[in-house]
1. Assigning unit charges at the beta carbon (Lys, Arg +1; Asp, Glu -1) and nothing else, what dipole magnitude in debye, to the nearest 20, does the chain show about its Cα centre?
2. As a test of the formula, what do you get for the chain when each DSSP H run with n ≥ 4 contributes -39,500 (n - 2.57) and the sum is divided by the residue count, at 222 nm and rounded to the nearest 500 deg cm²/dmol?
3. With a/c under 1.5 counting as rounded, go ahead and sort the stretch 217-345 into rounded, prolate or oblate using the C-alpha gyration tensor (a ≥ b ≥ c being the square roots of the eigenvalues; past the cut-off, prolate if a/b is larger than b/c, else oblate).
4. Going by a ≥ b ≥ c, the root eigenvalues of the Cα gyration tensor, does the stretch 255-582 fall in the rounded group (a/c under 1.5), the prolate group (a/b larger than b/c) or the oblate group?
5. For the stretch 465-561, what relative contact order do you get, as a whole percent, if you take Cα pairs closer than 8 Å and at least 6 residues apart?
6. Between Gln471 and Glu447, with labels modelled 7 Å along Cα→Cβ, what's the label distance in nm to one decimal, could you check?
7. Please compute the Kirkwood hydrodynamic radius over the chain, one decimal place, Å, based on all pairs of different Cα atoms.
8. Around Leu273, what is the net charge, scoring Lys/Arg as +1 and Asp/Glu as -1 over all other residues with Cβ under 12 Å from its Cβ?
Amino acid sequence: MKIQGINGAAGIAIGKAFVLPSWEWDLPDQKMDSVDLAQEFERLYEGIRTSKHEIEYIKNEFREVVGPEESSIFDAHLAILEDPVFMNEIRGIIERQYKAAEVAVKEAIDHFVTMFDLLEDEYMKERAIDIKDVGNRLLKHLLGAPEITLPSDTQPYILVAKELSPSQLAHLNPSYVLGIVTLIGGKTSHSAIMARALGIPLVSGLEASLDLPVETGDLLVVDGDNGLVFTEPDRKTIDRYTMLRNKELKKKEQLQVLATVDAVTKDGSVLQLASNISSVKELDLALKHGAKGVGLFRTEFLYMDRATFPGEQEQYEVYRLVAEKTAGQPVVIRTLDIGGDKQLDYFELPEEDNPFLGYRAIRISLDRKDLFKTQLTAILRASAAGNVKIMYPMISSVEELQQANEILREAMADLDERGLAYDANIQVGIMIEVPAAVMIADLLAEEADFFSIGTNDLVQYVLAVDRMNEQIAHMYHPYHPAVLRMLRATVDAAHTAGIDVSVCGEMAGDERSIPLWLELGIRHLSMSPQSLLRVKHRVLNTTASDAKEEARKCFALRTSSDIEERLQKFNDASGSPDDQSGSNAS
């Protein structure tokens, strides 16, 4: 039987199911004497302390596998245990109703999960899974109950569950989990994000479709690309997906061969493909895949997973190591970009109705000059070890850029007094990610050494669409004519001023965009390490003259769908890794 779900993480899996039992608690409605209240509160607080310690351990363990960005999911779990509303609900049940700590926790979980499930916003509905995950962890410690055990790492399996919490997913061994099927959840669930990071195919949202129960040992086919699950697949289906899976594995092997090959089109146009990184570990993967330096170092992750701001020396050591590892290739270090969806446990940001439009990024840095100057000093010191550049995020005015540069000059003066080396001619650029910056790009180009277009935020701000909101995610169109015009205006201003312009958002890692970059004259792209070889392959199989002609036609089109369809057709016609014999790969 073929069942349509949601494509949470790409890939194909064929194997036997292991069905994870639902973690349901059957607790008596215990009442206590008032003299026991103190003991119940102590049990609660001990359970919270143990749960926090366990979550921290899982987070650090998971960080080693996928990096800090995905592992920061567990910061949300820690925040739930510290949330005054959630904890006051538990304490209130214990104090007013004289119920045991575990009963109070279970009732609080049920209350908040029901409340979230009633919301229309799919993203908020999926946060109910986080509350259940944290609550179940706390209940486990209060009850002394064991974890539900997964299969031993001897036979690969497809994991099937009603819902899968990030904590459960973090304990999985990716080498033995072929795929994941969940009845609940969508693309924005934390489990989907983590599955994508681990490279495990995932299909979710099957609760309404899966009438027949799947049992442990049943054979399944999971198509994470198209959101399909086949139960009791016939031989024809198994053979077809086995062929597709083998083709994907072969493609990955062929792409790895391109790591040492330059990204040059068939007619000689060269693109420099750098990588976006959050850690030294990500840099190692990027260099393995042939990255030409670092186009975006997200430094905010140095500030996370800790209790205090990192000092100058600590930051310097990391920046210096990255500069040394890249061996003369450019390293663009973006200054602290927190606020919006990126929070620090030890730095309380104000409550805001629209945090993405509020106190964040360069606005915080200019307000907290001490923190900003410390970071700039560390970056400057590291510039003596390699080709380091500085980039400011979310610049929307000439005044902001000038103020930031004034603090940079102060940091340089301090280093002169200390007798410490740095690159006095270090290049300083800005992120182009708000419409205001595009509209005054000519003015900003007179003050900046380079532009880097952050397409993720630029698309959201241009179209007024939060792509994480499931209700309007379909309106998030990177190929909207307005976005393309913004790109052209930015590039024209940069080229007129004689400065470089690169792209470091998700569009940089989308092969369909290559004709646009060639036509616009953008030659520097920065993307995730996982996208480097795929994009390089597409460049090698592209003729720049044909791509430019295609892009010119796209700029004349009136709708997003027409533009995307045209780019997709051109991309499909450029071949696959199996066709490398005619490319520059040799």
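We did not get these values from a lab; they are worked out from the coordinates using the rules stated. Quick caveat, the model's predicted, so the values are computed rather than measured. No Cβ is skipped: glycine too gets one built from the backbone with ideal geometry, and neighbour counts run over all protein chains shown.
1. Numbers: 61 positive and 93 negative charges, 407 e Å.
About 1960 debye.
2. Values: 22 runs with 274 residues, N = 586.
Rounded to the nearest 500, it is -14500 deg cm²/dmol.
3. Working: a/c = 3.20, a/b = 1.58, b/c = 2.03.
Oblate is the answer for the stretch 217-345, as a/c is 1.5 or above yet b/c matches or exceeds a/b.
4. Prolate.
5. Numbers: 84 pairs, mean separation 28.5, N = 97.
29 percent.
6. Result: 3.8 nm between the two label points.
7. Numbers: mean 1/r = 0.0384 Å⁻¹.
With all distinct Cα pairs of the chain included, I get 26.1 Å.
8. Working: positive: Lys292, Arg523, Arg534, Lys536, Arg538; negative: Asp262, Glu511.
Here the count lands on +3.
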